[in-house]
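The values are calculated or read from the model by the stated rules, or taken from the named source; none is laboratory data. Since the model is a prediction, treat every value here as computed from it, not as a measurement. Every residue, glycine among them, receives a Cβ derived from its backbone with ideal geometry; neighbour counts consider all protein chains shown. Quick note on the areas: whole protein, heavy atoms, side chains included, nothing else; ligands and nucleic acids left out. Shrake-Rupley method; radii C 1.70, N 1.55, O 1.52, S 1.80 Å.
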Amino acid sequence: IHANFEALRVVYQDIEDKGIRRIICLGDIIGYGPDPVACIDVARNFDINLRGNHEEAVVNGAFGFNPIAKEAIDWTRNQLKPTWHSFAPKRARWEIIKELPLTYKEGGFLFVHGSPRDPTMEYILKSDTEDLFGEIPAKIREIFTLIPWVCFVGHTHSPGIITEESRFFSPVEFNGTFDLEEGKKFIINVGSVGQPRDGDNRACYVILDGSLVSYLRLEYDYVRTAKKIRSISQLDDRNADRLEFGT
């Protein structure tokens, strides 16, 4: 979500219109964007919220982040962290952020932000699936040993499905709908609601219905979000620019 309220509002409305019963958020409710408070207040209604690397950094410190991301994290912390005279709602939001779990399991499904090996920080990239000799890379092999059937991840902001044969498929390659075959394992990258990075600036989310995974893309008012970012001096304008191009 990355504190992009305009994107979240459109996606949340679409979820309600479709009568979807449960919502699982894989972390990074906050970071980069201008509306961390509003986004947390919506996300607290979700069934499951996990800890992303930005929540972890806001609480514990931004180590290993690039300057643009660190600047946004520091600003976000100032918006959320209560002081001795803060009112109850601010204290409650901070407790929510502090107590977010790293993983969630349900049957054969595992949900994490980054990777089963490192739930907040490790990226699983398309390039990780590629090997000069056509073999399955050690990283991919090890990660799949930690997956019961299907693992849902985010973190890279790039939607797609990785098979245990180490093949990566973008949603356009399967027309946005994928049937999860029993007896095989999969990694599902759900993309990003508030900061897509696959060249498509529309908000992205995934519906899981039994064994069927469907990717949805929705237009939202990214211009409004970008304008908010540019009005905050502590947020780099590049956080706004990238919303237009989905990069």
Task: Radius of gyration, Dmax [the chain; alpha carbons; angstrom] - done: 17.7, 61
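May I ask you to derive the FRET efficiency for residue 121 and residue 84 from their Cβ-Cβ distance with R0 = 35 Å, giving the value to the nearest 0.05?
Values: r = 32 Å, r/R0 = 0.91.
About 0.65, to the nearest 0.05.
Of all beta bridges DSSP finds with both residues in the range 70-216, what is the antiparallel percent, to the nearest 5? Can you show the working numbers first?
Numbers: 18 of 25 bridges.
Given both bridge residues lie in the range 70-216, the antiparallel proportion sits at roughly 70 percent.
Within the chain, what whole-number % of the accessible surface is contributed by carbon and sulfur, with the 1.4 Å probe and all protein chains included in the calculation?
Numbers: 6060 of 12010 Å².
Of all accessible area on the chain, carbon and sulfur atoms account for 50 percent.
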Open item on the list: Once you place label points 7 Å from the Cα toward the Cβ at residue 167 and residue 46, how far apart are they in nm?
Closed with: 3.1 nm
Task: Segment residue 98-residue 211, length gained on full extension (0.36 nm per residue, minus Cα span) - done: 37.4 nm
Open item on the list: Quick check on packing: order 124-135, 8-19 by the mean number of other C-beta atoms within 10 Å, highest mean leading.
Closed with: 8-19, 124-135
- [ ] Could you do me a favour and compute the accessible area per residue for the chain, 1.4 Å probe, result in Å²?
- [x] 49 Å²
Open item on the list: Can you give me the distance in nm between label points at residue 223 and residue 177, each placed 7 Å from the Cα along the Cα-to-Cβ direction?
Closed with: 3.4 nm
Task: Cα-projected label distance for residue 237 with residue 138, points at 7 Å along beta-carbon direction, nm - done: 4.6 nm
TODO: Specify the angular offset, from 0 to 90 degrees and rounded to the nearest 10, of the alpha carbon long axis of helix 67-80 from the longest principal axis of the alpha carbons in the chain.
DONE: 60 degrees
- [ ] Sum up the lysine pairs in the chain that clear both bars: alpha-carbon distance under 27 Å and a spacing of 8 or more or different chains.
- [x] 24
